[in-house]
Structures are given as C-alpha cells and as structure tokens.
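Chemist: There's a structure below that I have some questions on.
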Amino acid sequence: MRGDSEFMKQAIRLATENVVSGRGGPFGAVIVRDGEVIATGVNQVTATNDPTAHAEVVAIRRASAQLKDFILAGCQMYTSCEPCPMCLAAIYWSRMDEIFYGNTAADAAAVGFDDAFLYDELKKPVGGRTIPAERLLGEEAWENFEAWRNFASRVHY
Ligand SMILES: [Zn+2]
C-alpha cells in the first residue's frame, strides 16, 4: 500500500481544526479517488447529536452523495485515526480499496476514545454481549425477505 502523505496531512489538519473550533472530537477523514479529494468529514457526534457521525461515516455519506453511488470502489480512505468497528464496517460496505490511518486505536484509547470493548463484543456469542439481544417474531419477519425476493426491480448492493 502506498499512501499519499498530503491526504493524511489534510485528515490530521481537519481533526485538529475540529477540536480547536470546538465543533467536535479529534477525528478527520478524507476520501480520495484517482488522486483527487472526493469528500471530507470530521467528527460531528456532539455537534449534531448523532452517535454515528464519526468522521469516516460523514465522509462516506458525502462521497456517496457526490458520486451518486453507494459503491465507493476505487476510493481510498485517509483517516486521522484507525477506524472503530462501525466505521470499519461502513468502509467495507462502501467497498473502498484501501485505508490509511494516522493514530492507532491504542493512541485513541490513551486519550479516552477506547473502542476495544466493541471489538471484544463482536467476538462474543449474541447471548453473551453487554446489550441483550433476543430473537422475536422471526417467522413473521421472514415476510420482509419474501417481499425482497419477489420484488422484480430490486437493486442489489
Ligand atoms: Zn468510527
């Protein structure tokens, strides 16, 4: 993998500006395709009362809107910090090609942003997780997939 340090510098700068301006957490992301910035994002969790508004997710939403495509193949994610499990999943769902990160998850944990518990949760069986989850009306819910299978103009993603 060969990252372009200029795009990482931009992600790092966005993250610092986000803190200094009082807008949010120390995280910035830049999405690049063919050497061009498609979209950027900063952490907006507290600014927008959106717990999913991590820099990477914000950038992915903007890049997809910009490219009018839910597939971001051919794009690279430059993020100021190693992605949390939610952002990592979002990057995989968007089918991006590569990820470059500045700070590590351990660095983030050192300043109070510890996502190790989420990685641990993912390894546990459903019944052993911190937030209880149980199946309810599974047979009735199957009608959703029946509808999907029968919907002729479905768009696969
Ligand atoms: Zn995240």
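The values are calculated or read from the model by the stated rules, or taken from the named source; none is laboratory data. Remember, predicted model here, so these are calculated numbers, not experimental data. Neighbour counts run over all protein chains shown; Cβ positions are idealised from the backbone, glycine included. Surface accessibility is based on the protein's heavy atoms, side chains included, excluding ligands, DNA and RNA. Shrake-Rupley method; radii C 1.70, N 1.55, O 1.52, S 1.80 Å.
Chemist: Counting only residues that are in contact (Cβ under 8 Å) with a residue 60 or more places away in the chain and open to solvent by less than 40 Å² (accessible area, probe 1.4 Å), which one in the stretch 89-101 is nearest to Glu6 (Cα to Cα)?
Modeler: If we take residues in the stretch 89-101 being in contact (Cβ under 8 Å) with a residue 60 or more places away in the chain and open to solvent by less than 40 Å² (accessible area, probe 1.4 Å), then Phe100 is nearest to Glu6 (Cα to Cα).
Chemist: Listed residues Ala63, Ala89, Ala53; which is aliphatic (A, V, I, L, M), closer than 22 Å to Asn18 by Cα and within 11 Å of the ligand (Cβ to nearest atom)?
Modeler: The match here is Ala53.
Chemist: Right, next: For Gln76, are the conditions met, namely being open to solvent by 20 Å² or more (accessible area, probe 1.4 Å), touching a His at 6+ places or on another chain (Cβ under 9 Å) and not β-branched (Val, Ile, Thr)?
Modeler: Judged against the criteria, Gln76 is not a match.
Chemist: Also, quick follow-up: Can you tell me which condition Ala105 does not meet? The list is (1) open to solvent by less than 80 Å² (accessible area, probe 1.4 Å); (2) of a type in the set (A, V, I, L, M); (3) farther than 30 Å from Ala11 by Cβ, and all the others hold.
Modeler: Here Ala105 clears every test but (3).
Chemist: Something else now. So which helices (runs of 4 or more DSSP H) stay within the stretch 3-88 end to end and still have 2 or more residues that are hydrophobic (A, V, I, L, M, F, W, C), touching a residue at least 40 places away in the same chain (Cβ under 8 Å) and more than 21 Å from Phe117 (Cα to Cα)?
Modeler: Correct list: 5-20.
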